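Participant: Dropping the structure in here first, questions after.
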Amino acid sequence: MPTMRSIVILISGRGSNMEAIVRAAQAEHWPVSIAAVISNRTDSAGLEFARRHGIATAIVANKDYPTREQFDTALRAAIDVFAPDLVVLAGFMRILTTPFVEHYAGRMLNIHPSLLPSFPGLATHRQALAAGVRLHGATVHFVTPDLDHGPIVAQVAVPVLDSDSEETLAGRVLDQEHLIYPRAVRWFVEGKLSLDGNRVRLDPSAEQV
Ligand code: GAR
């Protein structure tokens, strides 16, 4: 029997990446328990999906905390109730403090909608169009205190078309996010990822997934 792992997923809004992970975990029978979905906003559409799927939900609203430190302390307490093996940031739109990030070192993943290290930060699709790149994409990485610069687990590239708007490009990237993020989370829960300095090593069997 494979070891069962537990994960907590953090969202801020729509939650389509969270949904892709939950659906893949169920359809592919991962050795995982999705312990909770936590949002920093009360109006996240993704919370409703989680509730319908019988997943515990929690809201830690950043607007209720005067400082970043206080918010991160409350968020950490809410996560650690579930003692997860992995924290998955899925469209979680908050900059996290260093102590928070270090508490989850090696066990927190993020997806960022660009081919890092290009275009960290916000409005990545606008940045890509402004730079005139022909390839854009998404990156799954371990979270480190250096924003959007942690060790890279997976990347996917999509073409940028002359006719693209921010919206069409975002949609093309998002479709691919929904494929690579579940795959990367699955690798983690199956114990197939390891860190070697800034490089992520993948167990050879993981290539088959
Ligand atoms: C996704 O495109 C994700 O990559 C991005 O927000 C979107 C969330 O969509 N994340 C970031 O920009 C993080 N800096 P979702 O809520 O439907 O998963």
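The values are calculated or read from the model by the stated rules, or taken from the named source; none is laboratory data. This structure is a prediction, so every number in the text was calculated from the model and none was measured. All Cβ positions, even for glycine, are placed from backbone atoms using ideal geometry, and neighbour counts span all protein chains on display. For accessibility, only protein heavy atoms count, side chains too; no ligands or nucleic acids. Shrake-Rupley method; radii C 1.70, N 1.55, O 1.52, S 1.80 Å.
Participant: Are there any pairs with C-beta distances below 6 angstrom linking a residue in region 112-126 that is part of a helix (DSSP H, G or I) to a residue that is near the ligand (Cβ under 10 Å from one of its atoms), with the two at least 6 apart or on different chains, and if so which?
Facilitator: Listed by first residue and then by second, the contacts come to THR124/PRO113; THR124/SER114; HIS125/ALA170.
Participant: All but one of (1) under 17 Å from the mean Cα position of the chain (by Cα); (2) open to solvent by 20 Å² or more (accessible area, probe 1.4 Å) hold for MET4, so report the exception by its number.
Facilitator: (1)
Participant: Mind checking which residues of region 184-209 are within 30 Å of ALA130 (Cα to Cα) and either basic (Lys, Arg) or surrounded by 14 or more Cβ atoms within 10 Å (Cβ to Cβ) (or both)?
Facilitator: Listed by number, the residues that qualify are ALA184, ARG199.
Participant: Starting from region 44-70, take each residue that is charged (D, E, K, R) and list its partners that are surrounded by 12 or more Cβ atoms within 10 Å (Cβ to Cβ) and assigned to a loop (DSSP other than H, G, I, E, B), counting only C-beta distances under 8 angstrom and pairs at least six apart or across chains.
Facilitator: Final answer for the pair search is ARG68/THR97; GLU69/THR97.
Participant: Here is a list of conditions, (1) within 12 Å of the ligand (Cβ to nearest atom); (2) more than 13 Å from the chain's Cα centre (by Cα), and SER194 meets all of them except one; can you say which number that is?
Facilitator: (1)
Participant: Continuing with this model, one more query. Are any residues in region 145-176 among the small types (Gly, Ala, Ser) and touching a strand residue (DSSP E or B) at 6+ places or on another chain (Cβ under 8 Å), and if so, which ones? Steps first, answer last, please.
Facilitator: Initial filter on region 145-176 (among the small types (Gly, Ala, Ser)): 150, 154, 157, 163, 165, 170-171.
GLY150, ALA154, ALA157, listed by residue number.
Participant: Identify all residues within region 166-196 that are small (Gly, Ala, Ser), in contact (Cβ under 8 Å) with a residue 24 or more places away in the chain and over 24 Å from HIS29 (Cα atoms); write none if there are none.
Facilitator: ALA170
Participant: Of everything in region 12-39, what is farther than 18 Å from GLN176 by Cα and buried (at least 22 other Cβ atoms within 10 Å of the Cβ)? Give them in sequence order.
Facilitator: Those that are farther than 18 Å from GLN176 by Cα and buried (at least 22 other Cβ atoms within 10 Å of the Cβ): VAL32, ILE34, VAL37, ILE38, SER39.
Participant: Go through region 78-103 and report how many residues are more than 20 Å from THR67 (Cα to Cα), more than 12 Å from the ligand (Cβ to nearest atom) and assigned to a loop (DSSP other than H, G, I, E, B).
Facilitator: Residues that pass the stated criteria total 5.
Participant: Between PHE71, PHE100, PHE82, PHE49, which is farther than 24 Å from HIS141 by Cα and surrounded by 13 or more Cβ atoms within 10 Å (Cβ to Cβ)?
Facilitator: None of the other options fit; the residue is PHE49.
Participant: Does region 153-209 hold any residues that are modelled with pLDDT under 95 and either within 22 Å of GLN127 (Cβ to Cβ) or assigned to a strand (DSSP E or B) (or both), and which are they?
Facilitator: Across region 153-209, the qualifying residues are SER194, LEU195, ASP196.
Participant: Separate question: Is it fair to say THR144 is near the ligand (Cβ under 10 Å from one of its atoms) and either open to solvent by less than 10 Å² (accessible area, probe 1.4 Å) or in contact with a helix residue (DSSP H, G or I) (Cβ under 8 Å, 6 or more places away or on another chain) (or both)?
Facilitator: Spelling it out, it is not the case that THR144 is near the ligand (Cβ under 10 Å from one of its atoms) and either open to solvent by less than 10 Å² (accessible area, probe 1.4 Å) or in contact with a helix residue (DSSP H, G or I) (Cβ under 8 Å, 6 or more places away or on another chain) (or both).
Participant: Name every residue in region 104-141 that is more than 13 Å from the ligand (Cβ to nearest atom), open to solvent by 20 Å² or more (accessible area, probe 1.4 Å) and not hydrophobic (A, V, I, L, M, F, W, C), in order of residue number.
Facilitator: GLY106, ARG107, PRO117, SER118, GLY132, ARG134, listed by residue number.
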